[in-house]
Amino acid sequence: MRTKKFSIKLSELFTILLSTVVAILIVYNFYKSYDLSYIMLDKVQKEITANIINVTNKTLEISSNHVKILSKLNAQDKDILKHKSILSNLMKEQLSSYDYLNSIYIANINGDFLQLRRYPQLILRTISNDINGTVEDWEYLDEQFNTIKHEVRPNAFDPRERSWFYLTKAARDTYWSNPYKYASSSEIGITIS
C-alpha cells in the first residue's frame with residue numbers, strides 16, 4: 001500500500017497564515033470602525049440636542065422675562081390702556097425680534113386687553129371695559145406696523161375667562177400652558193403668561 005504524502009512549502013504556509021491574519025484584521029477593524037461610528041454619531045446627536053435645548057431655553061427665557069416685565073407694569077397700574085402706546089411699542093419690538101412668536105397680549109382684572117397678533121393678519125387688538133360697556137378695537141397693520149384699516153366691533157371675548165389669565169392670577173407666577181387652540185386665530189400654540 002502506498003501512502004500519500006502531503007507537503008506544503010514553508011512559503012505557501014506563510015502566505016496562507018498571513019492572508020488569514022490580514023482578513024481577520026480587516027474584519028476586526030471594520031466592526032471596530034462601525035462601532036466607533038455609532039458612538040461618534042450618538043455623541044454628536046447628544047451635543048446637537050443639548051445645543052438646541054440650550055438655545056430654545058435661552059430664547060424662551062427672554063420672552064418669559066418680557067412677560068414678567070409686562071406683568072409688573074400691570075401690577076403697578078391697573079389701567080393698561082393708559083399705557084397702550086408704550087406697551088404696543090414693546091410688543092411690536094418683541095414680535096419683530098422673535099419669529100416664533102405669534103401673539104403677545106396683556107389683560108387686567110377689569111377685562112381690558114391689549115394684543116398684537118401676527119397671524120393670520122397683523123393686528124393690534126384692544127378691548128376696553130368702561131361704564132359704556134365693552135368695546136373691541138381692531139387696527140390692521142402693515143409690516144412696518146402702520147395702521148391700514150380700523151374696525152370697532154362688539155366684544156364677545158373676555159380674557160378673564162381664559163386659562164392663561166386665571167391660572168397665572170392664582171399662581172402669581174409665570175404660567176406655561178399646554179398646547180391649545182387660540183380664540184382669535186384658531187391656530188394651535190402655547191401661552192406663557
GNM flexibility winner over the chain from L17, L95, L122 (Cα, springs under 10 Å): L17
Amide H contacts under 5 Å for L122, placed H, 5+ residues apart: L141
Stokes-Einstein translational diffusion, the chain - Kirkwood Rh over all Cα pairs, 1.306 mPa s, 10 °C, in µm²/s: 73 µm²/s
Cα convex hull volume per residue for segment 92-135 (Å³): 72 Å³
Residue among P179, V21, Y38 farthest towards the positive dipole end of the chain, charges placed on Cβ: V21
Whole-number accessible area per residue in Å² for the chain, which is evaluated in the context of all protein chains at 1.4 Å: 72 Å²
Segment 23-66 - Debye-derived log10 I(q)/I(0), Cα point model, q = 0.17, 0.22 Å⁻¹: -0.60, -0.74
Segment 154-171 - phi-based ³J(HN,Hα) in whole Hz, Karplus 6.51/-1.76/1.60, Gly and Pro as x: x, 8, 10, 10, 10, x, 5, 8, 7, 4, 4, 7, 6, 6, 5, 4, 5, 7
Nearest 10 degrees, 0 to 90: helix 84-97 Cα axis against the chain principal axis: 20 degrees
Estimated FRET transfer efficiency when R0 is 22 angstrom, pair E93-N146 (beta carbons, to 0.05): 0.90
Efficiency of FRET between F30 and I53 - r from beta-carbon atoms, R0 30 angstrom, step 0.05: 0.30
Cα Rg, Dmax (largest Cα-Cα span) when computed across segment 108-193, Å: 13.9, 39
Nearest 10 degrees, 0 to 90: helix 10-76 Cα axis against the chain principal axis: 10 degrees
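The values are calculated or read from the model by the stated rules, or taken from the named source; none is laboratory data. Please read all numbers here as calculations on a predicted model, not as lab measurements. Cβ sites come from the backbone with ideal geometry, for glycine too, and all protein chains shown count toward neighbours. These accessible areas exclude ligands, DNA and RNA; they are computed on the full protein's heavy atoms, side chains included. Shrake-Rupley method; radii C 1.70, N 1.55, O 1.52, S 1.80 Å.
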